[in-house]
Amino acid sequence: MDRRQREQYLREYSILKGQGKPFFPYAIAKDGIMATITILVIILMAVLFGAELGPKADPTTTTYTPRPEWYFFFLFELLRVVKPPELVFLATIGIPTICLMLLLLLPFYDRGPERNPLRRPIATTAGIATIGAMTYLTVLGALAGSPTEIELATKPQYEEGKEITASAGCLGCHKIGENGNTLGPNLTEIGARLGRDAIARTLENPTAPMPSYANYRKTNPEQFDKLVQYVASLKGDE
Amino acid sequence: MTPPLPKFLRPTPPRPGENGRNGDGTTTAPPKPQEQAVEGVASVVGWLDERTGASPFLRGFLYRKVPKGTNWFYTLGSATMFAFLSQAVTGVFLAMYYEPDAPSRAYASAAHITNDVFLGELVRGMHRWGSSVMIILIFLHMGRTFFFGAYKYPRELNWVIGVVLLVLTLMMGLTGYLLPFDQRSFWATVVAVNLNSSGPVIGPYLADFLRAGSEFGPTTISRFYALHMLAVPGLIAALIGAHLYLVAKLGTTAPPWLKAEKKDLLTEEI
Ligand code: HEM
């Protein structure tokens, strides 16, 4: 934008502004409605999804599948997209830094006077492509399989136990159905070999590297029982 | 004219409360509670204004015009701010119970908040999901300013402040994730910090700084905690202030498809 265009913009803007309405009460009413919706959504999500707390961090279990918060998936997935080891620094630091710089300096290299998105084809395309890429990477990360989800079908009375087991972090080391990792034994048919008591004993006094859940039994006895009942129900016949 | 009388013979004017409220036998009704309240508020406002001179500023802020055509997309910025305020309030309540001392206390206190404290799980849940909501809103707000070309002259600086706010908000997500210190948060953070250390030149130093050493130790948590509840939110609050100051000073953009009409432009030029 050269000087004439800047002056032209300020002139046009002051006219449009003069034809507008005062911030109070018009804009503030909309802002207030939006703020109320925001807070209600937050409360609703808190009530619906609660605040789970997995097993205590244990620095000795090196195979736990790390899962970042979902809004970091796109960064995390870059790592999996970029395979050759000598290029990894590109995925971890290189690409994010370049993108950040491009974002930060945007107003200094895109200086045209046009503001209508329909008449800024390059900017609009780049914007949509960025959104598309980030969404794609985020979805990829989400589909990579959560260590806190078991897809194997179960009887209704064990549903709750399944939820608890899924969120207790067992899948970090065990496979149940299609989900989970393979460090520890596969638990899909564990109930055929071990009874409830044996499983509870294993949970309280496991052999390393499995973490002990004795503390969990003390703080959440009911959840612990449901978890054990669910694991014991895994007989591979469903 | 009454003849001059010696002082002691002159009628004394009625005392207050004698002979009616107005002194001539009539009474005005005492102010209603409503009127008293309005008076009270007005006098408090007047008192404050006399000492701060805030009213011209506030009037300028509240009654400034918002351009024609301003729509719901323009509420995304303030919605982001309210999500941040919600995080601040719930965060204060969590800080009353959370103990960053050593890894064992951190987990135990997070469990205590979740299981024992009255409404603890609700507040923790609000803080947790509030972070997601804030991230969604900040990206939507950034998208709005991008597609509306709002980063162009004269609002370049506000865009730059916005990008810094975005980075700081992501840092809140990163530093907060470790605090409950369960498996998930621990391992995700280990990986995140290791990613940092793969960066050229400053990477390893940054990672050492975050970990407070070359390994995750007891001080790592207090370091993340200090960043998460003091340094970063302080910066965010200050930058939101600067961001809003510029919004009020420059005005929000008009929707990009609106043009001032030719005749208005002409009269303006005369
Ligand atoms: C903590 C985060 C943020 C808060 C609380 C915030 C708040 C606000 C508010 C209340 C407005 C007034 C207009 C509107 O609501 O759209 C605004 C405008 C603006 N924001 Fe933000 N913002 C944040 C982050 C960002 C980010 C990440 C960017 C972009 C990188 C950004 C760029 C802008 C620009 C360019 C304007 C001027 C828009 C116009 O004049 O139409 N902001 N911000």
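Hey, among the residues in the stretch B:191-209 that are in a helix (DSSP H, G or I) and open to solvent by less than 20 Å² (accessible area, probe 1.4 Å), which one's farthest from B:Ser132 (Cα to Cα)?
The residue in question is B:Gly203.
From B:Gly234, B:Gly176, which residue is within 28 Å of A:Phe89 (Cα to Cα), part of a helix (DSSP H, G or I) and either among the hydroxyl-bearing types (Ser, Thr, Tyr) or within 16 Å of the ligand (Cβ to nearest atom) (or both)?
B:Gly176
Filter the stretch B:143-173 down to residues that are small (Gly, Ala, Ser) and within 8 Å of the ligand (Cβ to nearest atom), then give me how many there are.
Going through the stretch B:143-173 one residue at a time, the tally reaches 2.
For B:Ala248, state whether it is within 22 Å of B:Tyr63 (Cβ to Cβ) and part of a helix (DSSP H, G or I).
yes
Restricting the stretch B:73-108 to residues that are open to solvent by less than 30 Å² (accessible area, probe 1.4 Å), within 12 Å of chain A (Cβ to nearest Cβ) and within 17 Å of B:Phe224 (Cβ to Cβ), which is nearest to the ligand (Cβ to nearest atom)?
So the residue we want is B:Gln87.
So, in the stretch B:257-270, exactly how many residues are farther than 30 Å from B:Phe57 by Cβ and either within 16 Å of the ligand (Cβ to nearest atom) or modelled with pLDDT of 95 or more (or both)?
1
Look through the stretch B:148-177, keep the residues that are without any contact (Cβ under 8 Å) to a residue 12 or more places away in the chain and not aliphatic (A, V, I, L, M), and return whichever of them is surrounded by the most Cβ atoms within 10 Å (Cβ to Cβ).
Among them, the one singled out is B:Tyr151.
With a cut-off of at least 3 residues that are within 13 Å of A:Pro55 (Cβ to Cβ), name the helices (runs of 4 or more DSSP H) lying wholly within the stretch A:187-238.
A:214-219, A:221-233
Could you run through the stretch B:109-122 and say how many residues are open to solvent by 40 Å² or more (accessible area, probe 1.4 Å) and more than 7 Å from chain A (Cβ to nearest Cβ)?
4
Identify all residues within the stretch A:50-85 that are among the aromatic types (Phe, Trp, Tyr), at pLDDT 80 or above and surrounded by 16 or more Cβ atoms within 10 Å (Cβ to Cβ); write none if there are none.
Once the filter is applied, which keeps residues that are among the aromatic types (Phe, Trp, Tyr), at pLDDT 80 or above and surrounded by 16 or more Cβ atoms within 10 Å (Cβ to Cβ), the stretch A:50-85 yields A:Tyr71, A:Phe72, A:Phe73, A:Phe74.
Would you mind stating whether A:Phe23 is open to solvent by less than 50 Å² (accessible area, probe 1.4 Å), more than 7 Å from every other protein chain (Cβ to nearest Cβ) and modelled with pLDDT of 80 or more?
For A:Phe23, the condition - open to solvent by less than 50 Å² (accessible area, probe 1.4 Å), more than 7 Å from every other protein chain (Cβ to nearest Cβ) and modelled with pLDDT of 80 or more - is not met.
Exactly one of (1) closer than 30 Å to A:Val47 by Cα; (2) surrounded by fewer than 18 Cβ atoms within 10 Å (Cβ to Cβ) is unmet by B:Val133. Its number?
Only one criterion is unmet by B:Val133, namely (2).
Any residue at all in the stretch B:148-156 that is within 7 Å of chain A (Cβ to nearest Cβ), part of a helix (DSSP H, G or I) and closer than 21 Å to B:Ala83 by Cβ?
Among the residues of the stretch B:148-156, not one is within 7 Å of chain A (Cβ to nearest Cβ), part of a helix (DSSP H, G or I) and closer than 21 Å to B:Ala83 by Cβ, which makes the answer no.
Looking at (1) assigned to a helix (DSSP H, G or I); (2) open to solvent by 40 Å² or more (accessible area, probe 1.4 Å), which is the only condition B:Gly125 fails?
With respect to (1) assigned to a helix (DSSP H, G or I); (2) open to solvent by 40 Å² or more (accessible area, probe 1.4 Å), B:Gly125 is out only on (2).
How many residues are open to solvent by 30 Å² or more (accessible area, probe 1.4 Å) and modelled with pLDDT of 80 or more when one looks only at the stretch A:86-98?
4
The values are calculated or read from the model by the stated rules, or taken from the named source; none is laboratory data. In this text, all values refer to a predicted model and were calculated from it rather than measured experimentally. A quick note on method: Cβ atoms are made from the backbone with ideal geometry, for glycine too, and the neighbour counts reach across all protein chains shown. Areas reflect the complete protein model, heavy atoms only, side chains present, ligands, DNA and RNA absent. Shrake-Rupley method; radii C 1.70, N 1.55, O 1.52, S 1.80 Å.
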